[in-house]
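Visitor: Supplied in structure tokens, the structure appears directly below.
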Amino acid sequence: MKIFIKTLVSVSLLSLVVAIASGANEQSIAWDKSPTGVLVQSRCSICHSLDYILMNAGFLKPTGWEAEVTKMRKAYGAPVSDEEAKEITAYLNQQFGAGN
Amino acid sequence: MDSNKPHSKRRRQLLSTLALTPVAVATQSALGGAPYLPTGAVASARQAALPGKATLLKRSYRPPNYETPLAALNQELTPNEQLFVRWHMASIPEISPQKFRLTVGADYHAKTLRFSLADLKRQFTAVDVTAVCQCAGFRRGYSDPHVPGVQWGHGAVGNATWTGVRLRDVLRHAGIDAATVEVAFRGEDRASLDSTPRFIKSLPTYKTLDDQTILAYAMNGKPIPHWNGAPLRLVVPGWVATYWMKQITRIDCLKAPLTNFWMNTAYRLPVGKFPGDTRFGTQANDKTVPITEMVVNSLITNMVDGQQVKSNQPLVIEGVAWDGGSGIEQVEVSWDDGLSWSPATLAKALSRYSFQRFSASITPTQVGLTALRVRAVSYSGQTQTEQLIFNNGGYHNNVPHRIEVKVV
């Protein structure tokens, strides 16, 4: 949570205003309130609405979701620790992986 | 196929609680032939409108990724409010045309110029270019097997007459010289985090000096919509839209190839699978090359999946075809899923980079489920591939567009 707050503070006021304007409808996306669901929401939604995950549901194998989480951390600089990455990857596989 | 497997109970619960009306799209081919969008992409799509834009098909709210309905492509020029919207970054500032400044420089000499929009219009000749703007990920959602990314259907494409100034005029004014191997462009869009690399892309020098490559401030005679890159965006006719940088505020002549995630990792194709491996030599390596020119493609735009059509009566098929700029030589349509083909009539296109409108009258003779198909041939001799040439980015899908209909 500390990282999340720090991140929000670093967002400029202008970009926050514009992001909210363009993302108003994302509030309509229902999301799981379990502890891991909340973790996924808090980390992933810093940069994108959660429909980015929903849109890719149903076909990725475990290595596919792992690669996505790695890409978000390494290429896009998502503030996700190693432990959180494992938890988030397992959750994405369980909820949105191939066959689910 | 994985995407056809049923959801888990948990997943069904998540989906069933989603608000708004889901878009009615078939998730499976009735004939079992064509790959369809991922189940999650179908379930999460919405009819939605961004401020100043028409209702489009929402793929993601933030960053905003919205595609054009197929019916809106049933005309040569795509209306401004209906052009698809695609951004990598969530923060897209409103830039006042009065306050906008473009900085043009070179990393090998000190000369740096700044232009207002009025400066550009006053100092350089205005030109019109009619050109198709097609997302590199166009039709990614139909990749088989599916690949991650924005699950675009058929609507990440549009065509417009763009007005602006020639990039080469601006670069020459700024003193571009033979040391330039690439020219880099920076957009003003930003991610929520400073740790995310800014969206900066480059073009090979020869493409920046092409007289059709322009810095555009108008689309179809009106200002470019905010969501499509106002006040100034790059128009690179024939090349996929990842190079059509939006909200450009900085241009740099480089004496060494640009190295960043967007060039070295994203938007790349395996070597040897598609034409044009040598088009961007400074960014090529042994295994991959940047995606560059669009492949020949076509869409049926006046019919919808599941439509009923009458047997033994002429059926008019309309649509658009385009390629990387050689122009469209021939279009054929089929009413029997590719067994027989009939030539279409081509309208006069506004330019060789424009949508090529076509129409054909065909007469289905057999009742039952079937599929309409379309395929185009370009003047460069390119044809559409019957089988998908799979690649990890889901790029260059030009398998003939197929619409399932019921002949009654």
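The values are calculated or read from the model by the stated rules, or taken from the named source; none is laboratory data. No experiment lies behind these values; they were computed from the predicted model shown. Backbone-built Cβ (ideal geometry, glycine too); neighbour counts: all protein chains shown. Please note that ligands, DNA and RNA were not included when accessible areas were found on the heavy atoms of the full protein model with its side chains. Shrake-Rupley method; radii C 1.70, N 1.55, O 1.52, S 1.80 Å.
Visitor: Modelled label-to-label distance, A:Gln27 and B:Ser96, 7 Å Cα→beta-carbon offset: nm?
Guide: 2.9 nm
Visitor: Give me the tail of P(r) for the range B:163-207 as a percent: Cα-Cα pairs with distance above 16 Å.
Guide: Beyond 16 Å sits 52 percent of the P(r) for the range B:163-207.
Visitor: Take every Cα-Cα distance within the protein assembly as shown, group them into 20 Å bins from 0 onward, and report for each bin the whole-number percent of pairs it holds.
Guide: Reading upward from the zero bin: 22, 56, 21, 1.
Visitor: Would you mind working out the accessible area per residue for chain B, using a 1.4 Å probe, and quoting it in Å²?
Guide: 38 Å²
Visitor: Put +1 on the Cβ of each Lys and Arg and -1 on the Cβ of each Asp and Glu in the range A:28-96; which of A:Ala90, A:Gln41, A:Met72 then has its Cα farthest toward the positive end of the dipole?
Guide: A:Met72
Visitor: Hey, what did chain B get for relative contact order, percent, Cα under 8 Å, at least 6 apart?
Guide: This gives 16 percent for chain B.
Visitor: Mind checking the per residue accessible area of the range A:28-96 for me, 1.4 Å probe, whole number of Å²? Intermediate values should be presented prior to the final figure.
Guide: Working: 2800 Å² over 69 residues.
Ligands and nucleic acids excluded, the figure is 41 Å² per residue.
Visitor: Now for a different question. Regarding the range A:28-96, what are the three Cα extents along the principal axes, ordered largest first, in Å?
Guide: Cα extents, longest axis first: 29, 24, 19 Å.
Visitor: Still on this structure: Buried accessible area for the B:A pair, summed, 1.4 Å probe, in Å² rounded to 100?
Guide: In total, chains B and A hide about 3700 Å² from solvent.
Visitor: Compute the orientation-averaged projected area for the range B:119-226 from the convex hull of its Cα atoms and round it to one decimal in nm². Don't skip to the end; give the middle numbers.
Guide: Values: hull surface 37.8 nm².
Mean projected area of the Cα convex hull: 9.5 nm².
Visitor: Related question: Could you work out, residue by residue across B:36-47, how many beta carbons of other chains sit within 10 Å of that residue's beta carbon, and then give the average as an integer? All intermediate terms of the calculation are to be shown ahead of the outcome.
Guide: Working: counts 0, 2, 8, 5, 11, 7, 3, 5, 10, 3, 4, 0.
Partner Cβ neighbours, averaged per residue: 5.
Visitor: Here's a follow-up. Kindly rank B:347-357, B:259-269, B:382-392 from highest to lowest mean number of other beta carbons found within 10 Å of each residue.
Guide: Descending mean neighbour count gives B:347-357, B:259-269, B:382-392.
Visitor: Carbon-plus-sulfur fraction of the accessible area of the protein assembly as shown, 1.4 Å probe, in percent? Don't jump to the answer; show the numbers that get you there.
Guide: Numbers: 11080 of 20430 Å².
The nonpolar share, carbon plus sulfur, comes to 54 percent.
Visitor: Next question, about the same structure. Give the cross-link partners of B:Lys99 among the lysines, using a straight C-alpha distance below 23 Å as the criterion and excluding same-chain residues fewer than 8 apart.
Guide: Counting by Cα, and skipping residues close in sequence, B:Lys99 has these lysines nearby: B:Lys111, B:Lys121, B:Lys222, B:Lys246.
Visitor: Between B:Asp107 and B:Gln387, 0.36 nm times their residue separation minus their Cα-Cα distance comes to what? Provide the component values of the computation, followed by the final result.
Guide: On the way: separation 280, 0.36 × 280 = 100.80 nm, distance 4.47 nm.
Full extension of this stretch gives 96.3 nm more.
Visitor: Could you order the peptides B:143-151, B:131-139, A:65-73 from most to least packed, using the average number of other C-beta atoms within 10 Å per residue?
Guide: Numbers: B:143-151: 22.1, B:131-139: 25.9, A:65-73: 18.4.
In decreasing order of mean packing, B:143-151, B:131-139, A:65-73 become B:131-139, B:143-151, A:65-73.
Visitor: In vacuo Debye scattering of chain B, one point per C-alpha: log10 I(q)/I(0) at q = 0.06, 0.09, 0.12 Å⁻¹?
Guide: Values, matching the q order: -0.25, -0.55, -0.98.
Visitor: Based on alpha-carbon positions alone, could you give the equivalent ellipsoid semi-axes of the range B:296-351 from the gyration tensor, as √(5λ), descending, whole Å?
Guide: They are 23, 12, 11 Å, listed largest first.
Visitor: Same structure again: Over all residues in B:186-194, what is the mean tally of Cβ atoms on other chains that come within 10 Å of each residue's Cβ?
Guide: Counting other chains' Cβ atoms within 10 Å and averaging over B:186-194 gives 5.
Visitor: Hey, another quick one. Give me the inter-chain shielding for B:56-66: mean count of other chain Cβ atoms within 10 Å, whole number please.
Guide: 6
Visitor: Now, a different point. Could you tell me the convex hull volume per residue, in Å³, taken over the Cα atoms of the range B:229-313?
Guide: 184 Å³
Visitor: Just need the relative contact order of the range B:288-402 here, percent rounded to a whole number, with Cα pairs under 8 Å and 6+ apart.
Guide: About 31 percent, as a whole number.
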